[in-house]
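Taken together, the values in this text are just the output of simple stated rules run on the coordinates, not laboratory data. Remember, it's a predicted structure, so these values are computed and weren't measured experimentally. Please note: Cβ atoms are built from the backbone with ideal geometry, for glycine as well, and neighbour counts cover all protein chains shown.
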Amino acid sequence: MRVKSVLVMLCSVLALQIANAAEPAASITHKATLDLKTASRLVQTAQDYASQHGWPCAVAVVDDGGWPILTARMGSAPVVAGIELAQGKARTSALFKRPSDDLEKGINGGRTAAITAGLLMMKGGQPIRVEGQVVGAIGVSADTPAHDDEIALAALQSLQVLQSHQ
């Protein structure tokens, strides 16, 4: 009788294990991603906007982990280091899922420990959202912080228009 009880219990445990093993596959959700084609459109739109206003710049688009997808610098961009600045702004924005200058505001408010994290807390980094999820970020380095942000936001606006027509 006791052996039978142990066998029933073992079978029950085994059945639970099998049921739980199948469960994770059902909980996988869709994650929107940023592809090279979309990154190219964003960079081109940013460069076109910057060109129309006479603000040569560097533009970087990164994925949600802050890894570069595409980086470009207009030949007449004023700062050769602009590529690194654009990438840093984009990376910071992607990792924190907010505009890069939000962190600058925090530092100015006394949260100085963030300075040591290797992030770039300057205007010009904006998160890219698709279906409500941050899928990456765009970073821009032109002649002024205000222009950096304006160019990034203009590129994002073009993405929103594109998404509404799909």
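Only residues that are part of a loop (DSSP other than H, G, I, E, B) and surrounded by fewer than 19 Cβ atoms within 10 Å (Cβ to Cβ): list them for the range 26-55, please. Can you show your working first?
Going residue by residue through the range 26-55, those that are part of a loop (DSSP other than H, G, I, E, B) are 27-35, 54-55.
Result: 27, 28, 29, 30, 31, 32, 33, 35, 54.
Looking at the range 44-96, which of its residues are among the β-branched types (Val, Ile, Thr), without any contact (Cβ under 8 Å) to a residue 60 or more places away in the chain and either touching a helix residue (DSSP H, G or I) at 6+ places or on another chain (Cβ under 9 Å) or more than 29 Å from residue 32 (Cα to Cα) (or both)? Give the derivation first.
Applying the first criterion (among the β-branched types (Val, Ile, Thr)) to the range 44-96 yields 45, 59, 61-62, 69, 71, 79-80, 83, 92.
Next, only the ones that are without any contact (Cβ under 8 Å) to a residue 60 or more places away in the chain stay: 71, 80, 83, 92.
Within the range 44-96, 71, 80, 92 qualify.
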Selection from the range 83-127 of residues that are farther than 21 Å from residue 153 by Cα and crowded, with 19+ Cβ neighbours inside 10 Å
none
